[in-house]
1. Applying a 10 Å radius around every beta-carbon, put B:213-219, B:165-171 in order of their mean neighbour count, most first.
2. Work out the length of the dipole vector of the protein assembly as shown about its Cα centre, built from +1 on the beta-carbon of each Lys and Arg and -1 on the beta-carbon of each Asp and Glu, and round it to the nearest 20 debye.
3. Suppose accessible area is computed on protein heavy atoms with a 1.4 Å probe; arrange A:Arg162, B:Arg86 from highest to lowest.
4. Just check region B:92-174 against the gyration tensor rule for me: Cα atoms, a ≥ b ≥ c as the square roots of the eigenvalues, rounded for a/c under 1.5, and otherwise prolate or oblate depending on whether a/b exceeds b/c.
5. Springs between alpha-carbon pairs under 10 angstrom, Gaussian network model over chain A: which of A:Gly74, A:Gly115, A:Gly147 fluctuates most?
6. Among B:Gly242, B:Gly48, B:Gly251, which one shows the biggest mean-square fluctuation in a GNM of chain B, springs joining Cα atoms closer than 10 Å?
7. Calculate the mean, over all residues of peptide A:105-118, of how many other protein chain Cβ atoms lie within 10 angstrom of the residue's Cβ.
8. Please list A:Glu59, A:Glu185, B:Glu144 from largest to smallest accessible area, probe radius 1.4 Å, with all protein chains kept in place.
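The values are calculated or read from the model by the stated rules, or taken from the named source; none is laboratory data. Predicted, not measured: the structure shown is a model, and the values here were computed from it. We place every Cβ from the backbone using ideal geometry, glycine too, and count neighbours over all the protein chains shown. Note: accessible area is taken over every heavy atom of the protein model, side chains too, but ligands, DNA and RNA are not part of it. Shrake-Rupley method; radii C 1.70, N 1.55, O 1.52, S 1.80 Å.
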Amino acid sequence: MAATISFSGVTKRYAGGPAGGRAALDNVSFDVAAGEFVYLTGHSGAGKSTVFRLLAAIERPTAGTLLLNAQNVGRMSVAAIPFLRRNLGLVLQDQRLLYDRTVFDNVMLPLAVAGVTPAEGARRVRAALDKVGLLGRERSNPVALSGGEQQRVCIARAIVNRPALLLADEPTATLDAAYADAILELFCAFHAAGTTVLLATHDTSLIARFPGRQIALAQGRVQQ
Amino acid sequence: MSAWAALHRAALADALAHAARTPFASLLSIGALAVALALPLAGSVVVGALSRVAARFDADPQISVFLRREASAKDRQALEKAIRSRPGIKTLKVITKEQALADLQATEGVRDLLAGLPGNPLPDTLIVAPADSTRAAIDALRTELLQLPNVAAVQVDAAWVERLEAFVRTGRLIATGLALMLGVAVVAVSFNTIRLQVLTRARELDVAALFGATRAWLRRPFLYFGALQGLAAGGLSVALVGTFVAILNQGLRAGAAIAEIPDGFATLTLELVLTASLGSAVLGWVGAWLSVREHLTAHSSAPG
């Protein structure tokens, strides 16, 4: 199967870091095929979040090539980036929910920026909230929800565009085991429906309960 | 409804909602902008009125030749003949001292004043219109007329018109300069108002960018806000100046009994109204655009 994600020799060094110091990512190469469920593992500081920031074109690589659906993300024009992001389902470590808006409006955001009409958008938001089990909470403010529920709002926002690729950075980090399992079951369900999933976690017990291929990062390098 | 229309409708609704959330701040900005815009607008109205007055007299300058008071009717006829025989005279009109007195006596209020005077204080006057209205020709004619017998004084009516024209030119320059400076002020005020909004919504902009918002989408509600604020300020300044013009015209009509002032002396032309409102909207838009651009360049989830 064609690779959805392809890193080859990707290095990311932050400006202002120590000269000659360790790179956040150092000559990293790996592929993720379409339809795969892949864990990106490693301790914090291993470079997992940098992989996500590069994939979402929040940052550009210092060296190397990273392809997403055969598009060179590292060299993409600023004008093209929004359209790349619309095809990604992003669940970031810091949740980035807007606390002055309802759950519904938070999930609506990716559709609103794409110009989906309010009627069509409302239908799709409810479908996404239904999938994560929050249909009854659409009028709530995210602040009124538990940590697990907030994470579900993030997942609903990530899938509302029906992306072919879900990127989740430590989606269970702040949750206790029972909530974490429920979240993982959601990702497994999306995977079963054909979505490619790349999920970063430092929690090895989680992988034991939900097996999948692993790409292990340590100190910015892929461990063989 | 197309996606395009949905995007614009949403941006407009967003801008209006923001204005409604901060009514005092919005009204104060609009008020400050309107006062700033009213200055050059009022200046333009006054300059426009004065230039219309100047244009009315500009076409044919007149030379008034006043005779000495003791000159007789015969002297006057001789002078009239001498002037008529001279080349370069287009028309010559005689106003005898009796006619002048009769004209004055017809004017309310002056009659009583005249009744107190012994005899007729007015001289005979010849109104000469030169064929050549260039300044040099008029000056030459004036000198020549002064040397004729029985001429007490020669007054070129164009002189005050020239002064008025110079005044109008200066006024127009000042109004244009004010308009330019205050136009920059509109951009600056819009820039700052929008900047404040952008900063309070920075997180929202960042999240939206992360989920695929284009720069155009991020900018749009602010551009609408800037343009609407400018439009409202322009409209308010038109209302302010309109009131000023109405008061000015009323005052002038009261004075029209002693000075000949055309009706509707000062007018707020449609052209001025449109320039002020739309110009202000465009300037507000420009200020907003600059403000959002600065923010997006400095902080956004898009790599530089």
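1. Values: B:213-219: 21.0, B:165-171: 15.0.
Going by the mean number of other Cβ atoms within 10 Å, highest first, we get B:213-219, B:165-171.
2. Details: 51 positive and 40 negative charges, 180 e Å.
Dipole size: approximately 860 debye.
3. Heavy-atom accessible area, descending, gives A:Arg162, B:Arg86.
4. Oblate shape, in that a/c is at least 1.5 and b/c is the bigger or equal ratio.
5. A:Gly115
6. In this elastic network of chain B, the residue with the biggest mean-square fluctuation among B:Gly242, B:Gly48, B:Gly251 is B:Gly251.
7. Values: counts 0, 2, 0, 0, 7, 6, 2, 9, 12, 8, 10, 3, 8, 4.
That works out to 5 on average.
8. Details: A:Glu59 40, A:Glu185 110, B:Glu144 80 Å².
Largest accessible area first, the list is A:Glu185, B:Glu144, A:Glu59.
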